[in-house]
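Step one of this worksheet: look at the structure below.
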Ligand SMILES: NC(=O)c1ccc[n+]([C@@H]2O[C@H](COP(=O)([O-])OP(=O)(O)OC[C@H]3O[C@@H](n4cnc5c(N)ncnc54)[C@H](O)[C@@H]3O)[C@@H](O)[C@H]2O)c1
């Protein structure tokens, strides 16, 4: 089948990473790069033999573009996303889908009205270790899922004080800009809608909120979320712990490259759900430690997740295959983030 034309809007730090991932995909062709920073748009477009634009409205007249990957800062997603959908182009919106639920609903309705597809770039949905965690949970092999815990110690120190991330009018704050990933992932793993029970936040001396915490429940599963954007690139660390009746599952790093399961079951019950290299070893109290990991490392796993998300959209356009992440999931996770922000 002919490659589908794609445009990147917002050629910033993550946009550049996405372009590298898209360029390696035969199913799509990078046709255009748009950024208000003309030099950046030109440089990126030149690198990928694409057309440079500094204005979204002009780009949307380009008939060679069928998919727009929207990688601008969050406060622009609603307005720009609506323009993309109204122009009859499919939209891969970077998270968050919007800053408000009303805007997210408008995006979903506009996609439907214009018969185009809308997805949110929730990379964890395409990460093989999150996939294993979800499959283990849904299979019931480890029994009831009782508790989910996130400790996300992120490299906020590498974001300058004037970065849009610290300005809630632009980012929506930590829950909306970043927490949505984990609200969506926990909803997926639990197979239940979530509810925020309590939340709190902590400010730095300059007034910026750099740490947030929440208690939640997903059906009968208890959950705890902590995000601290107060670490450096060298000290950042993320751990997700899932507690089941018959075992403990740990995902390490915010783009996981491994999964560990400690269980009373034999390894043969667990390994069919795992991807990557697998090793098992005895653990105390007659339990077994099973570890699966990606020897290729974080950058490759991250890139493959971005490609898998794009491929899912391409397949959906070509065959009508159901999208793993629809606008509704973008809205549901955003609703939890808004609740955590306002609790
Ligand atoms: N899914 C993920 O894993 C992931 C990871 C990182 C970032 N993100 C998301 O990607 C988005 C971008 O983040 P980033 O870190 O690359 O930000 P960034 O600030 O590095 O890049 C944003 C780019 O958008 C451009 N821009 C601003 N206004 C514009 C406009 N009106 N039209 C066109 N371009 C415009 C800027 O010039 C800049 O180049 C955010 O929504 C962020 O949450 C997602």
**Request:** Using every pair of alpha-carbon atoms in the range 125-296, split the distances into 10 Å bins beginning at 0 and state the percent of pairs per bin, rounded to integers.
**Result:** 10, 36, 32, 17, 5, 0
**Message:** Compute the angle between helix 128-139 and the longest alpha-carbon principal axis of the chain, please, reported from 0 to 90 degrees and rounded to the nearest 10.
**Reply:** 60
**Message:** For a quick check: sort 6, 28 by the number of other beta carbons within 10 angstrom, fewest at the front.
**Reply:** 28, 6
**Fill in**
Contact order relative to length for the chain, counting C-alpha pairs under 8 Å separated by 6 or more residues, stands in percent at 18
**Request:** Pop the C-beta distance of residue 271 and residue 42 into the FRET formula with R0 = 56 Å and round what comes out to the nearest 0.05.
**Result:** 0.65
**Asked** In whole Å, what is the distance between the alpha-carbon centres of the range 64-90 and the range 264-284?
**Response** 43
**Rough spin-label spacing in nm, given labels placed 7 Å along Cα→Cβ, for residue 109 and residue 299** = 4.5
**Item:** Fraction of beta bridges assigned by DSSP in the chain that are antiparallel (%, nearest 5)
**Value:** 65
**Request:** Kindly rank 225-234, 281-290, 80-89, 124-133 from highest to lowest mean number of other beta carbons found within 10 Å of each residue.
**Result:** 124-133, 80-89, 225-234, 281-290
**Message:** Explain nothing, just the number: relative contact order of the range 125-296, from Cα pairs under 8 Å at least 6 residues apart, as a whole percent.
**Reply:** 26
**Request:** Would you calculate the separation in nanometres between label points at residue 213 and residue 58, each defined as 7 Å from the Cα along the Cα-to-beta-carbon direction?
**Result:** 5.1
**Request:** Could you state the angle between the C-alpha long axis of helix 180-190 and the longest principal axis of the C-alpha atoms of the chain, as a value from 0 to 90 degrees rounded to the nearest 10?
**Result:** 50
**Request:** Calculate how steeply helix 327-342 sits against the longest principal axis of the alpha-carbon atoms of the chain, using the helix alpha-carbon long axis, and give the answer as 0 to 90 degrees to the nearest 10.
**Result:** 70
**Item:** For the range 285-341: rounded, prolate or oblate by the Cα gyration tensor [a/c cutoff 1.5]
**Value:** oblate
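Read-outs: derived from the displayed coordinates by stated rules, not from any lab. Keep in mind that what you see is a predicted model, and the values were worked out from it rather than measured. All Cβ positions, glycine included, derive from the backbone under ideal geometry; neighbour counts span all protein chains shown.
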